[in-house]
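Undergrad: One structure, pasted below without further comment.
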Amino acid sequence: MSAPEELRYTEEHEWVATRADDVVRVGITEYAQDQLGDVVFVDLPEAGKSVTAGEPFGEVESTKSVSELFAPVDGEVVAVNDAVADSPELINSDPYGEGWLVEIKVSDADAVAGLLDADAYNRLTAG
């Protein structure tokens, strides 16, 4: 299970894709969804909510457990994937595509560069 090269990652298994105008798209990695099992519920913040890097911003509930979602960067939620709220199984079937969670307008664009690259994330999950 190899992490896509173009994304950045957190040690909490979120991925970050740079969009435009200091906006990033956030989701959970294939590794994370595999560890969780079948996702049955997602609790996401509303657009307009401020998030702080490393702090919880929502939850993912699976048949195995409930896991917190952690913000990868400081910023403001500008979009929420309503399709995932309606069909949480999208996280399992397409974690890097239709299973994205939120988009955040980052306070500091340089913060994304400080996240793990694909090689570092692959080493983290190889254990």
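Undergrad: Beta carbons within 10 angstrom, averaged per residue: use that to sort the peptides 34-43, 107-116, highest first.
TA: In decreasing order of mean packing, 34-43, 107-116 become 34-43, 107-116.
Undergrad: With θ set to phi - 60°, apply the Karplus curve 6.51 cos²θ - 1.76 cosθ + 1.60 along the stretch 79-90 and write out the HN-Hα couplings as whole Hz, x wherever there is a Gly or Pro.
TA: 8, 10, 7, 5, 4, 6, 4, 7, 9, x, 5, 4
Undergrad: Just how much of PHE57 is accessible, in Å², when a 1.4 Å probe is used and the result is rounded to the nearest 10?
TA: 10
Undergrad: Now for a different question. Would you be so kind as to identify which of PRO72, GLY48, ALA20 lies farthest towards the positive end of the dipole of the chain, taking Lys and Arg as +1 and Asp and Glu as -1 on Cβ and the Cα centre as origin?
TA: PRO72
Undergrad: Starting at the first residue of the stretch 57-67, write each ³J(HN,Hα) from the Karplus equation 6.51 cos²θ - 1.76 cosθ + 1.60 with θ = phi - 60°, in whole Hz, x for Gly and Pro.
TA: 3J(HN,Hα) across the stretch 57-67, in whole Hz: 10, x, 9, 10, 10, 10, 5, 9, 6, 10, 10.
Undergrad: Mind listing the phi-derived Karplus ³J(HN,Hα) values for the stretch 41-53, rounded to whole Hz, using 6.51, -1.76 and 1.60 with θ = phi - 60°, and x for any glycine or proline?
TA: Result, rounded to whole Hz: 7, 10, 10, 10, x, 7, 4, x, 6, 7, 10, 10, 3.
Undergrad: Normalising by the residue count of the stretch 28-80, find the relative contact order in percent from Cα pairs under 8 Å and 6+ residues apart.
TA: Contact order relative to length: 38 percent.
Undergrad: What residues have an amide H closer than 5 Å to that of PHE70, excluding those fewer than 5 places away on the same chain, when H is modeled at 1.01 Å from N in the peptide plane?
TA: PHE57
Undergrad: Which semi-axes, in whole Å and largest first, does the equivalent ellipsoid of the stretch 17-73 have when worked out from the alpha carbon gyration tensor as the square roots of 5 times its eigenvalues?
TA: Working from the Cα gyration tensor, I get semi-axes of 22, 13, 10 Å.
Undergrad: Expected output is a single nm value to one decimal: the length gained when fully extending between ASP86 and SER65, i.e. 0.36 nm times separation in residues minus the C-alpha distance. What is it?
TA: Extra length available between ASP86 and SER65 comes to 5.6 nm.
Undergrad: Same structure again: Given the chain reduced to its alpha-carbon atoms as identical point scatterers, what log10 I(q)/I(0) does the Debye formula return at q = 0.15 Å⁻¹?
TA: Cα-only, vacuum Debye calculation for the chain: -0.61.
Undergrad: When the helices in the chain are scored as -39500 (n - 2.57) per DSSP H run of 4 or longer and the sum is shared across all residues, what 222 nm value do you end up with, to the nearest 500 deg cm²/dmol?
TA: Result for the chain: -5000 deg cm²/dmol, rounded to the nearest 500.
Undergrad: If you don't mind, there's one more thing I want to ask. State the answer as a single residue: which of GLN33, ALA120, VAL84 lies farthest towards the positive end of the charge dipole of the chain, with beta carbon charges of +1 for Lys and Arg and -1 for Asp and Glu, about the Cα centre.
TA: With unit charges placed on the Cβ atoms, the residue in question is ALA120.
Undergrad: List the trypsin sites (Lys or Arg not before Pro) in the stretch 63-127 that DSSP assigns to loop (not H, G, I, E or B) and whose Cβ has at most 12 other Cβ atoms within 10 Å. Which are they?
TA: LYS64
The values are calculated or read from the model by the stated rules, or taken from the named source; none is laboratory data. In this text, all values refer to a predicted model and were calculated from it rather than measured experimentally. Here the Cβ is made from the backbone with ideal geometry for all residues, glycine too, and neighbour counts use every protein chain on show. These area figures cover heavy atoms from the full protein model, side chains too; ligands, DNA and RNA do not enter into them. Shrake-Rupley method; radii C 1.70, N 1.55, O 1.52, S 1.80 Å.
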